[in-house]
Amino acid sequence: MAAWERFVAGQEVVAGHVSKYVWSSWQRSRRHGVEPAKRLAPIAVAGDALEQLRLRNQVLLAAAKGLFMTTAHLLARSGSIMVLTDAHGVVLEMAGDHATVDAAREIRLIEGGNWNEGVIGTNGIGTALAMRTPAQVHTGEHFCAGIKLWVCAAAPVFMPGTDQVLGVVDISCPPTSYQVNNLALAVASARQIEAVLAERIGQEHRRLLEACLQMSGRTDSQALLALDRNACLVHSSGSAPGLELRQGARIAGLEPGHSIDDWARRLPDNLRSEWLHPVTLNGAFIGGLLMVPKSSRASPKSHPSAAVDLQNIRKEFGDSGQAPADRGGFAKLVWSSQAMRAAIDRAQQVSVRRVPVLIQGETGVGKELFARAIHGDDERNGPFVTFNCGATTKELIGSELFGHVRGAFTGATNEGRAGRFELAHGGTLCLDEIGELPLDLQPVLLRVLEEGVIYRLGDGKPRHVNVRLLAMTNRDLLQEIEAGRFRRDLYHRINVTRVRVPPLREREQDIELLMEHFNFQLSLRHGVPVRQFGPDVRAAMLAYSWPGNVRELRNLVESLLLTSDQDAVQLSELPEEILASTDSPATAAQETPVTSLEEGERIAIARAIKDCQGNLAKAARALGVSRSTLYRKVERYRLEDLVRPSGATGQRYPDSDRRS
């Protein structure tokens with residue numbers, strides 16, 4: 001303490017009164033401008049921001065999960081606590097003695113607290129990060145006065161096989177609870193986390209090698225490279241000019257822990273973003289395959305326009321398509337439009353809350369991709385179980401959802417079976433086509449959601465389930481309620497939050513991006529070269545309204561890849577409906593000069609009906625008028641040819657819209 005007082009006063013400190021590593025840490029603290037009189041650490045993140053930080057560090061947290069479960073029991077009455085931080089010293093997790101946890105709050109040694117040496121001076125966590133070695137700081141050795149009543153021993157956690165620091169494990173306690181083996185415990189804990197990480201990395205590397213084997217039959221690739229999540233080379237075949245193909249080497253410009261989109265933007269100049277193919281394991285991004293095509297096909301030198309560079313598209317449309325590293329599952333979505341930005345931003349906001357979400361959108365827009373992204377990583381958020389309410393008979397839906405016991409009904413399995421609710425316990429249940437759920441089962445579902453208890457068919461034993469519900473539909477459920485086909489109370493229970501996935505016609509900026517995304521991905525899957533989309537083909541595809549949305553676009557690109565060996569797609573290869581869209585009546589109506597109020601009204605109605613694929617109910621809502629008024633206007637302006645035939649009730653969607 002005397003040495004510290006002399007140091008902060010600017011006086012000379014006698015050599016040997018302070019250890020060398022503490023002395024150097026004090027000097028760094030002074031250079032950082034840390035105030036010695038500080039009483040507590042600052043809060044770096046809280047609330048949703050803390051959840052996002054934990055999401056970005058989910059690999060580290062998952063690896064430490066078992067350790068902290070054990071530690072919570074072993075340190076319960078020890079007077080000590082164990083702390084896990086991220087690579088910048090922000091606390092992610094705590095466990096141990098409850099009284100010590102409460103005392104730690106007084107100095108903000110809590111989740112979200114920042115214990116970097118640059119903000120709170122010498123301490124176990126910050127000094128271990130600064131020196132990249134285990135460190136123990138005892139009472140008076142701390143730089144700030146407010147934390148001198150603590151002892152902390154910390155060890156950094158490294159990504160196995162690299163020099164990348166992922167975080168720090170720290171054992172903190174008041175001096176009365178100090179044990180001489182605290183530093184050894186911290187080091188052993190860090191090594192245990194690294195061992196779990198090494199096992200996970202081994203699994204990921206095996207998955208990457210499997211992906212390489214699946215692609216090994218390609219004959220039109222010059223090189224195939226497998227990169228792990230740290231952008232390090234796991235496997236390579238062939239040769240790629242300008243690349244160092246050494247196992248364990250990192251591709252220049254690619255940073256560990258970043259998203260596939262960020263990698264695509266930072267590839268060296270001699271590599272193209274469409275050559276990079278993401279690889280996932282259990283729904284999580286674990287690395288990518290970099291496939292360099294032969295120069296005879298799809299090469300920048302021989303065919304400069306053979307494929308649109310995704311980076312150039314994003315420059316043209318702005319950077320909204322960039323997916324930051326913390327987007328998790330959302331990084332797999334391909335987009336650059338404002339409509340998708342709004343949908344993804346809303347979905348990200350609800351993804352950190354365990355509340356029901358209603359995902360609405362037309363057939364083929366990618367509702368299940370949104371559901372998967374909202375759920376996130378299985379390892380962190382539990383299982384992700386899906387069920388299509390319109391894909392089985394009414395009699396079997398109850399059994400599928402709630403399970404059954406032996407002999408519950410004719411055809412029941414001999415041993416009984418768990419339903420989707422039980423399978424999703426602790427995770428997410430995603431119900432597709434929720435509007436197809438039979439009316440007599442809707443109150444049963446409502447009761448399960450409110451009470452968290454299910455009964456298997458034929459069984460009176462209650463089974464408690466903890467499930468987050470994601471419901472998807474392409475119907476207007478409010479209209480279904482008015483028609484008596486959906487319960488209002490169930491609607492409000494599943495519609496706590498709502499996400500609308502925009503149709504492709506509202507995402508014009510994304511069409512070319514998706515074309516090239518599917519062009520590359522499907523060429524890899526089928527082992528065929530990518531194809532070039534010329535200006536005339538692009539114009540025709542941009543003019544089309546895509547009633548089948550992203551699914552229709554994907555299927556078209558797949559068909560174009562498989563039905564011709566030519567480098568460029570010819571306009572004549574496109575389906576008739578796309579070619580017809582360039583001179584459709586609605587298009588002509590849009591180009592007709594407005595010469596009167598009536599003419600303007602006719603054009604607006606024609607455009608609304610076209611945008612709603614001929615659905616008058618939707619068009620009426622879009623125009624803000626009643627359906628009866630719109631019917632009269634359609635007859636008046638003779639626009640009947642634009643109207644899609646309706647079902648018997650005039651309200652339900654046709655089967656082609658209800659089935660995905």
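The values are calculated or read from the model by the stated rules, or taken from the named source; none is laboratory data. All figures in this text were calculated on a predicted structure; none of them were measured in a lab. Cβ coordinates were reconstructed from backbone atoms using ideal geometry, including for glycine residues, and neighbour counts include every protein chain displayed. The accessibility values were calculated without ligands, DNA or RNA, using every heavy atom of the protein model including side chains. Shrake-Rupley method; radii C 1.70, N 1.55, O 1.52, S 1.80 Å.
Just a few scattered comments:
- Scanning segment 331-355 for residues that are surrounded by 18 or more Cβ atoms within 10 Å (Cβ to Cβ) and outside any helix (DSSP H, G or I) yields LEU333, VAL334, TRP335, SER336, SER337.
- Residue count, segment 514-561 (criterion: in a loop (DSSP other than H, G, I, E, B), open to solvent by 10 Å² or more (accessible area, probe 1.4 Å) and of a type outside the set (Gly, Ala, Ser)): 5
- Meets criteria (in contact (Cβ under 8 Å) with a residue 12 or more places away in the chain, within 17 Å of LEU60 (Cβ to Cβ) and open to solvent by 30 Å² or more (accessible area, probe 1.4 Å)) for ARG108: no
- Test: THR100 is over 21 Å from ILE193 (Cβ atoms) and of a type in the set (S, T, N, Q): yes
- When GLU210, GLU194 are checked against the criterion of being charged (D, E, K, R) and either touching a residue at least 12 places away in the same chain (Cβ under 8 Å) or under 29 Å from TRP115 (Cα atoms) (or both), a single residue qualifies: GLU194.
- Test: residue in segment 67-89 that is open to solvent by 50 Å² or more (accessible area, probe 1.4 Å) and farther than 29 Å from LEU197 by Cβ: yes
- Qualifying residue in segment 453-475 (condition: assigned to a helix (DSSP H, G or I) and at pLDDT 90 or above): no
- Residue match in segment 41-62 (condition: aliphatic (A, V, I, L, M), open to solvent by 10 Å² or more (accessible area, probe 1.4 Å), farther than 29 Å from VAL196 by Cβ and out of contact with any Lys or Arg (no Cβ under 8 Å at 6 or more places or on another chain)): no
- In the set (1) charged (D, E, K, R); (2) open to solvent by 20 Å² or more (accessible area, probe 1.4 Å); (3) outside any helix (DSSP H, G or I); (4) closer than 20 Å to ALA44 by Cα, ASP163 fails one condition alone, (4).
- Residues within segment 196-241 that are hydrophobic (A, V, I, L, M, F, W, C), out of contact with any strand residue (DSSP E or B) (no Cβ under 9 Å at 6 or more places or on another chain) and at pLDDT below 85, tallied: 1
- Between LEU429, LEU446, the distinction of being open to solvent by less than 10 Å² (accessible area, probe 1.4 Å), more than 30 Å from GLN613 (Cβ to Cβ), touching a residue at least 24 places away in the same chain (Cβ under 8 Å) and not in a loop (DSSP other than H, G, I, E, B) belongs to LEU429 only.
- Residue match in segment 174-189 (condition: free of Cβ contacts under 8 Å to residues at least 60 places away in the same chain, farther than 23 Å from SER78 by Cβ and either charged (D, E, K, R) or open to solvent by less than 60 Å² (accessible area, probe 1.4 Å) (or both)): no
- The lone exception for ARG406 - which of (1) open to solvent by 40 Å² or more (accessible area, probe 1.4 Å); (2) assigned to a loop (DSSP other than H, G, I, E, B); (3) within 20 Å of THR428 (Cα to Cα) it fails: (3)
- All told, ASP48 falls short of being charged (D, E, K, R) and touching a Gly at 6+ places or on another chain (Cβ under 7 Å).
- Residue that is modelled with the lowest pLDDT [pool: residues in segment 604-645 that are closer than 22 Å to VAL365 by Cα and open to solvent by 50 Å² or more (accessible area, probe 1.4 Å)]: ARG644
- When the test is whether a residue is in contact with a Gly (Cβ under 6 Å, 6 or more places away or on another chain), at pLDDT below 90, hydrophobic (A, V, I, L, M, F, W, C) and closer than 22 Å to ALA128 by Cβ, LEU40 does not pass it.
- The number of residues in segment 456-478 that are surrounded by fewer than 17 Cβ atoms within 10 Å (Cβ to Cβ) and more than 18 Å from ARG354 (Cβ to Cβ) comes to 6.
- The residue that is most open to solvent (accessible area, probe 1.4 Å), counting only those in segment 122-153 that are in a helix (DSSP H, G or I) and not hydrophobic (A, V, I, L, M, F, W, C), is GLU141.
- Restricting segment 562-577 to residues that are part of a loop (DSSP other than H, G, I, E, B) and open to solvent by less than 30 Å² (accessible area, probe 1.4 Å) leaves a set whose member that is farthest from ALA211 (Cα to Cα) is LEU574.
- Unique residue being of a type in the set (Val, Ile, Thr), closer than 27 Å to ALA620 by Cβ and outside any loop (DSSP other than H, G, I, E, B) when the list is ILE481, ILE511: ILE481
- Output for segment 479-492, where each listed residue is surrounded by 19 or more Cβ atoms within 10 Å (Cβ to Cβ) and under 24 Å from VAL350 (Cα atoms): LEU490, TYR491
- The set of residues in segment 89-106 being at pLDDT below 95 and either assigned to a loop (DSSP other than H, G, I, E, B) or among the hydroxyl-bearing types (Ser, Thr, Tyr) (or both) consists of ASP97, THR100, GLU106.
- Filtered residue count, segment 107-121, keeping only those that are assigned to a helix (DSSP H, G or I) and out of contact with any Ser or Thr (no Cβ under 7 Å at 6 or more places or on another chain): 3
- Close contacts from segment 385-397, counting a first residue that is among the β-branched types (Val, Ile, Thr) and a second that is assigned to a loop (DSSP other than H, G, I, E, B), with Cβ to Cβ under 6 Å and a gap of 6+ residues or different chains, come to VAL385/ALA424.
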